[in-house]
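Throughout, read-outs are computed from the coordinates displayed, never taken from laboratory work. Small disclaimer: the values here were computed from a predicted structure and weren't measured. Cβ: placed from backbone, ideal geometry, glycine included. Neighbour counts: every protein chain shown.
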Amino acid sequence: MILQTLRSLLFNCILYISLIPTSLVVIFLFPFISTSQLQKITAIWVLFIIYSLKIICGVNWKVEGSENLPRTPCILASNHQGAWESFFLQTLCIPTASIIKKELLYIPFFGWALACLRPIHLKRSQKVSSLKKVVKDSAEKLKNGTSLIIFPEGTRAKPEKGLKEFSNSCGLISVQNNVPIIPICHNSGLFWKNKKFTKEKGTVILRIGAPIHGNEPKKLTKEVFEWINFNFNEIN
């Protein structure tokens, strides 16, 4: 346990020490290159972090169903357990736009660089107006060839607590823009535990489902929830 804690300390040092120069690179290049190119640069950093986690802390990963990722814009809808998937999903499709809390953009260096990647931001305290903004901004992103990363649960959930209720936003955006939802399920919270310092050894399983289409937002969201929930119970 002590050794694993020391390994986690080393990993965190690498994570945070590399974060600032990477953020500065993104901020500096922002006026000169496209968002897609910026995301490719950050994807290299993300993979560096993920591989560092594997080598130092023994957290490996296995992706199942990568053949289900389309080459056209889509909505990646995933369960949310911690930081691991927030990083890793950024590498699956480029360009993508994540839906994030606006407060994250105020974090020095990290938040400024995040803003350069042009995410869709919202204020959780203003649910109705935020939902309208997310739907509007999402339509623009999809129209311009950018896929979306959505965590329908809204906030992180402990694996032992099961899935939280899904927001209908993913179904609504899918129907209004005639794009598929790609359901994604993982068990990253068993190893990179939310708000826990020590990382646990093991293999993160990430399953990517076949595209899901529909004409009714609530029914579509329910179908996505059921797919993720079924796989959730298998791997968590």
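Computed values, structure above
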item	result
Intensity falloff of the range 123-236 expressed as log10 I(q)/I(0), Debye formula with alpha-carbon point scatterers, at q = 0.15, 0.17, 0.23 Å⁻¹	-0.73, -0.90, -1.30
Gaussian network model of the chain, springs between alpha carbon atoms under 10 Å - residue of 85, 67, 216 with greatest fluctuation	67
³J(HN,Hα) computed for each position of the range 77-92 - Karplus, 6.51 cos²θ - 1.76 cosθ + 1.60, integer Hz, glycine/proline x	10, 10, 5, 10, 10, x, 7, 4, 5, 4, 6, 5, 4, 5, 8, 6
Long pairs among 136/161; 40/219; 132/218, criterion Cα-Cα beyond 25 Å	136/161; 40/219
Summed residue charge, Cβ within 15 Å of residue 73's Cβ, Lys/Arg positive, Asp/Glu negative	+2
Antiparallel bridges, percent of DSSP beta bridges restricted to the chain (to nearest 5)	15
Mean separation of Cα contacts under 8 Å (6+ apart) over length of the chain, as relative contact order %	27
Among 42, 203, 146: highest mean-square fluctuation, GNM of the chain, C-alpha pairs under 10 Å	203
Loop-resident sites, the range 8-58, for chymotrypsin sites (Phe, Trp or Tyr not before Pro), counting at most 16 other Cβ within 10 Å (DSSP)	32
Charge context of residue 209, other residues only, Cβ under 13 angstrom, K/R +1, D/E -1	-4
The chain: DSSP helices with Cα axial extent of at least 18 Å and average Kyte-Doolittle hydropathy no lower than -0.5	2-29, 35-57
3J(HN,Hα) from dihedral phi, the range 178-192, Karplus parametrisation 6.51/-1.76/1.60, rounded to Hz, x for glycine, proline	6, 10, x, 9, 9, x, 10, 10, 8, 10, 4, x, 6, 10, 9
At most 12 other Cβ within 10 Å, DSSP loop - trypsin sites (Lys or Arg not before Pro), the range 1-106	71
Karplus 3J(HN,Hα) series, Hz, for the range 95-100 with 6.51 cos²θ - 1.76 cosθ + 1.60 (x for Gly, Pro)	x, 9, 10, 8, 9, 10
Residue with peak Gaussian network fluctuation, the chain [Cα springs, cutoff 10 Å], from 86, 52, 130	130
Those chymotrypsin sites (Phe, Trp or Tyr not before Pro) in the range 194-236 that DSSP places in a loop and that have at most 12 other beta carbons within 10 Å	197
Convex hull volume per residue in cubic angstrom - Cα atoms of the chain	119
